[in-house]
1. So if I check each of L38, L26, which one is touching a Lys or Arg at 6+ places or on another chain (Cβ under 6 Å) and more than 21 Å from R121 (Cα to Cα)?
2. Scan the stretch 257-271 residue by residue and report those that are outside any helix (DSSP H, G or I) and surrounded by fewer than 14 Cβ atoms within 10 Å (Cβ to Cβ).
3. What pairs come up if the first residue lies in the stretch 118-137 and is within 15 Å of S29 (Cβ to Cβ), the second is in a helix (DSSP H, G or I), and their beta carbons are under 6 Å apart, counting only those six or more places apart or on different chains?
4. Between a residue in the stretch 139-156 that is surrounded by fewer than 17 Cβ atoms within 10 Å (Cβ to Cβ) and any residue that is modelled with pLDDT of 80 or more and part of a strand (DSSP E or B), which pairs come within a Cβ distance under 6 Å, given they are 6 or more apart or on different chains?
5. Against the definition (of a type outside the set (A, V, I, L, M), farther than 25 Å from G40 by Cα, assigned to a loop (DSSP other than H, G, I, E, B) and over 25 Å from the mean Cα position of the chain (by Cα)), how does E229 come out, yes or no?
6. Quick check on my filter: what residues within the stretch 1-23 are surrounded by fewer than 18 Cβ atoms within 10 Å (Cβ to Cβ) and not in a loop (DSSP other than H, G, I, E, B)?
7. Just to check your reading of the model, which residue among L116, L171 is surrounded by 16 or more Cβ atoms within 10 Å (Cβ to Cβ), in a helix (DSSP H, G or I), in contact with a helix residue (DSSP H, G or I) (Cβ under 8 Å, 6 or more places away or on another chain) and modelled with pLDDT of 90 or more?
8. Among the residues of the stretch 192-211, is there at least one that is surrounded by 18 or more Cβ atoms within 10 Å (Cβ to Cβ), of a type in the set (A, V, I, L, M), more than 18 Å from R286 (Cα to Cα) and touching a Lys or Arg at 6+ places or on another chain (Cβ under 6 Å)?
Amino acid sequence: MASASTVQDGLAGQGYVASADLAMALHLSLALGRPLLLEGAAGVGKTEVARALAAWKRCELIRLQCYEGLDAAQAIYEWNYQRQLLAIRALAEAGETGSAVEARLFSEAYLLERPLLRAIRQPVAPVLLIDEIDRADEEFEAYLLEVLADFQITIPEMGTLRAVTRPMVILTANGTRDLSDALRRRCLYAHVDYPDRATELAILQARCSQVAADLGAQIVGFVQDLRKEALEKKPGVAEMLDFAAALAGLGVADLTEDAGVLQAALATLLKTQADRAAISTEVAQRLAGRAA
């Protein structure tokens, strides 16, 4: 059986540097066949865990992006009503009516698979990412319980469809609202925080090898200090990588060498007008000097 270190190495091979706690939680999730719930602030790399896992396992990543108003038809399945209407007209013209027509209309030919149904019908177990589950309504969580408990979906017209393979399930949440106890009981859990300096530097080296070591250390120090400021949206790991790529593309070798270029590059880190106003040129230079 694979170990937590195997998981850590596997994700590292895909450019994802996982903490020991996260690697252990993912290892247990895979070993026990249980969904893994990842909570943490936006931008800490929760979604990227699923992408790296799918790449490591060489399987399909199926993503369900949650949002307010998401319902079963959009997440599980729905019928192709346009094709059904055309079929009804064609069958009526051919003189066919009754239960035989109904049986033909509610068959595989007219079934549209949405992410949850698609995930349990794959011949090779995929990674099923249920992203930002806390953005969906509480009612939608009830739709998930049957899938997460037994990995089966009931379609009234066709009966119960059981999983062909058991998907590797990762749910993410940003803390938008509290999740139900029923959902939490069905999942293993890990909290994903912003990486420490050493981990973030390792991420930068793995993903942006063109950035010189000295500049990389400055970038990580600058971003980590920036997160301590009173910001509406703290920059995540993805923003840090964009910042590094921008500086490398601009030919910057030292954060303190050109205040104007540094201020312009903050467009990759600061995503609201209030945050841009809060980090003036003077503040940016102070942080750059501290990071140097």
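The values are calculated or read from the model by the stated rules, or taken from the named source; none is laboratory data. As the structure is a computational prediction, the values presented were derived from the model and not from experiment. Note: ideal-geometry Cβ built from the backbone for every residue, glycine included; neighbour counts use all protein chains shown.
1. Working: L26 fails: touching a Lys or Arg at 6+ places or on another chain (Cβ under 6 Å).
Just one listed residue meets the conditions, L38.
2. The answer is E257, and nothing else.
3. Cβ pairs passing all conditions: P126/A119; V127/A50; V127/L53; V127/A54; L128/A119; L129/A50.
4. Listed by first residue and then by second, the contacts come to Q152/T160; Q152/R162; T154/T160.
5. Details: of a type outside the set (A, V, I, L, M): yes; farther than 25 Å from G40 by Cα: no; assigned to a loop (DSSP other than H, G, I, E, B): yes; over 25 Å from the mean Cα position of the chain (by Cα): yes.
Here the answer is no, as E229 does not meet what is asked.
6. Narrowing the stretch 1-23 to residues surrounded by fewer than 18 Cβ atoms within 10 Å (Cβ to Cβ): 1-3, 5-6, 9, 12-15, 19-21.
Passing the criteria: S5, T6, D9, A12, A20, D21.
7. Working: L171 fails: in a helix (DSSP H, G or I).
Result: L116 is the single residue among L116, L171 that is surrounded by 16 or more Cβ atoms within 10 Å (Cβ to Cβ), in a helix (DSSP H, G or I), in contact with a helix residue (DSSP H, G or I) (Cβ under 8 Å, 6 or more places away or on another chain) and modelled with pLDDT of 90 or more.
8. Yes, there is a match, as at least one residue in the stretch 192-211 is surrounded by 18 or more Cβ atoms within 10 Å (Cβ to Cβ), of a type in the set (A, V, I, L, M), more than 18 Å from R286 (Cα to Cα) and touching a Lys or Arg at 6+ places or on another chain (Cβ under 6 Å).
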